[in-house]
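> Can you read through this structure? Questions will come right after.
The values are calculated or read from the model by the stated rules, or taken from the named source; none is laboratory data. Everything numeric in this text was worked out from a predicted model, so none of it was measured. Neighbour counts run over all protein chains shown; Cβ positions are idealised from the backbone, glycine included.
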Amino acid sequence: MTLTPPRHPAAPTPARTRRVATGTASLSATAATLAAAVLLSAAPASAAPATAQTPAPAPAPAPASSTSGSTAALTWGGGSVASSSPLPSLPSLSSPALSSPALSSPGLLPDPGATTPGGPQTPTPPAAGPVAELVDTHDLAGSTVEHGDGPAADAPFGGISGIDRIAGDRYIGISDDRSEKGPARAYPLTLPRTATGGTGTATIGAPVTLTDADGKPYARGTVDPESIRVTPGGDLLWSSEGDADAGIAPAVTLAGPDGQARLSYTIPEYHRPGPGRGIRNNQAYEGLTLTDGGRSAVVLTEGPLQQDSRNRLTVYDTATGMPRAEYAYQLDPADPGADGRGATEILAVGDGTFLTLERGYVPGQGTRGKLYRVRPGAATDVLGRPTLDGREVTVEKEELLDFSPHGENPDNIEGMTWGPDQPDGRRTLLVTTDDNFSRSQRSLVHTVALRL
């Protein structure tokens, strides 16, 4: 969430980063006026709370639409959920077989042409050009929000730190409000595609309140929501940074469509904050994605643990919440004049690789950010190692896009998800910004076209 993370100690060995041709950024934001409200339905009662030590049953199939109730809940309807994470198979992140086509799981790929009048169209082959190109920026300023009548009805819209695609043009965004301006919550979003592949007039639905296993909203300051994903069964998986200064550990929570917690993940003990160890304040579980057909969840810390000089990328079993593997991730150096740098999101590509966002804040100038592709194949599994010694092999990074090639300010880029393919066949990546509920920042939706 923060734009000014403290500087981290230099790593003993340099990051394995290679760069490819990158696109240039154009930030011509257009104010949007919302025209309609998302219809929400009440979900059935959630399953009994589970513990991470006791494997939870697989998520139930998505329920059909039901009669509206007083508390907003997400009901998908129409069958399977089109997750924004194409869910590559991932039997072992350290396996060289990651590049094998047999490991990909295309069943949840974005739906090309889903919003094109008349149904899917035959895309025009993409012309030669940069691997990644920023093609549109849409500003949500002035949007009309349907507040509903649930516990978060009076909470302000903002602080969107994570986003995931449900299906078609429907998405879910999570606010990083620490239950201070209102209960912790997520928002249904409709982000239609324009004929040129950008974002059209958006619709923001009534918030879904995130609650604990007893169905109670989280107490003020006890959670810091940062990222959210929709499981193939329609449940919500979300991460919290915690609060190192207050001794609150980071968390990953599996919740039902109504937002009620069903399972809290078991995080490694050395992630828990303490004197000289564990997460740094406001630099914890910022990124989250699903892989391996939804059976694995991958969490990326924003910064290194106190005892490390590299970030941690941790793989959890989605159903049981137990960690299965962990890898070292090296941030790029901070931009000149920046207060620091952090990793803000991770997203599965569908072939065993991932996309990551990194950004930092330059006082008086704004945010600087980049998009990377990450290949974990040769990285050392460091799960169970309380301290990284610099001899471990980090994941490989490849720079795809500089959001600020000429000093542009893309604002506080934190969320990332897939959208329907571009008219020319390129993949669509939506990158959202967290306005921190500040008048000086914006809630933006950047559209990036990718040739992968």
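> Across the range 422-442, which residue is nearest to the chain's Cα centre (by Cα) among those that are assigned to a loop (DSSP other than H, G, I, E, B) and buried (at least 24 other Cβ atoms within 10 Å of the Cβ)?
ASP434
> Tell me yes or no: at least one residue of the range 194-212 is under 21 Å from THR447 (Cα atoms), in contact with a Gly (Cβ under 8 Å, 6 or more places away or on another chain), in a strand (DSSP E or B) and without any contact (Cβ under 8 Å) to a residue 60 or more places away in the chain.
No: the range 194-212 contains no residue that is under 21 Å from THR447 (Cα atoms), in contact with a Gly (Cβ under 8 Å, 6 or more places away or on another chain), in a strand (DSSP E or B) and without any contact (Cβ under 8 Å) to a residue 60 or more places away in the chain.
> Looking at the range 301-319, can you tell me whether even one residue there is modelled with pLDDT of 95 or more, under 19 Å from ARG178 (Cβ atoms) and touching a Ser or Thr at 6+ places or on another chain (Cβ under 9 Å)?
Yes - at least one qualifying residue is present in the range 301-319.
> Now for a different question. Does PRO273 count as on the phi < 0 side of the Ramachandran plot and crowded, with 24+ Cβ neighbours inside 10 Å?
no
> Mind checking whether some residue in the range 315-326 is in contact (Cβ under 8 Å) with a residue 40 or more places away in the chain, of a type in the set (Lys, Arg) and either over 27 Å from GLY294 (Cβ atoms) or in contact with a His (Cβ under 8 Å, 6 or more places away or on another chain) (or both)?
No.
One line per residue, one yes/no per condition, for (1) more than 15 Å from THR417 (Cα to Cα); (2) surrounded by fewer than 24 Cβ atoms within 10 Å (Cβ to Cβ); (3) modelled with pLDDT under 95:
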residue	(1), (2), (3)
PRO156	yes, yes, yes
ILE160	no, no, no
ASP164	no, no, no
ALA167	no, yes, no
ALA213	yes, yes, no
THR222	yes, yes, no
PRO225	yes, no, no
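> For the range 346-370, give me the residue count where each residue is touching a Leu at 6+ places or on another chain (Cβ under 7 Å) and either under 12 Å from ASN412 (Cα atoms) or not in a strand (DSSP E or B) (or both).
Number satisfying all stated conditions: 9.
> A further question on this structure: Residue by residue through the range 139-154, note down the ones that are out of contact with any Pro (no Cβ under 9 Å at 6 or more places or on another chain) and surrounded by 24 or more Cβ atoms within 10 Å (Cβ to Cβ).
If the condition is that a residue be out of contact with any Pro (no Cβ under 9 Å at 6 or more places or on another chain) and surrounded by 24 or more Cβ atoms within 10 Å (Cβ to Cβ), then LEU140 is the only one that fits.
> Take ARG262 and tell me if it is under 18 Å from the mean Cα position of the chain (by Cα) and more than 14 Å from ARG185 (Cβ to Cβ).
no
> Hey, another quick one. Sort out for me the strands (runs of 3 or more DSSP E) sitting completely within the range 126-183 that have 1 or more residues that are touching a strand residue (DSSP E or B) at 6+ places or on another chain (Cβ under 8 Å), of a type in the set (Ser, Thr, Tyr) and under 16 Å from PHE437 (Cβ atoms).
Qualifying strands (runs of 3 or more DSSP E): 160-167, 170-175.
> Then there is this: Test GLY377 against the stated conditions and say whether it is surrounded by fewer than 23 Cβ atoms within 10 Å (Cβ to Cβ) and within 26 Å of ARG451 (Cβ to Cβ).
It is true that GLY377 is surrounded by fewer than 23 Cβ atoms within 10 Å (Cβ to Cβ) and within 26 Å of ARG451 (Cβ to Cβ).
> Moving on. Being buried (at least 20 other Cβ atoms within 10 Å of the Cβ) and either in contact with a helix residue (DSSP H, G or I) (Cβ under 7 Å, 6 or more places away or on another chain) or hydrophobic (A, V, I, L, M, F, W, C) (or both) is the filter here, so list the residues in the range 249-270 that pass it.
PRO250, ALA251, VAL252, LEU254, ALA255, ALA261, LEU263, ILE267
> Regarding the range 397-418, can at least one residue be identified that is crowded, with 24+ Cβ neighbours inside 10 Å, on the phi < 0 side of the Ramachandran plot, in a loop (DSSP other than H, G, I, E, B) and of a type in the set (A, V, I, L, M)?
no
> Oh, and also: Would you be able to tell me the number of residues in the range 251-289 that are in contact (Cβ under 8 Å) with a residue 40 or more places away in the chain, touching a Gly at 6+ places or on another chain (Cβ under 8 Å), within 18 Å of ALA213 (Cα to Cα) and not aromatic (Phe, Trp, Tyr)?
Selection size over the range 251-289: 8.
> Follow-up question, since we're still on this one. Can you tell which of THR314, THR320, THR289 is more than 18 Å from THR433 (Cβ to Cβ) and in a loop (DSSP other than H, G, I, E, B)?
Selected residue: THR320, the only one of THR314, THR320, THR289 that is more than 18 Å from THR433 (Cβ to Cβ) and in a loop (DSSP other than H, G, I, E, B).
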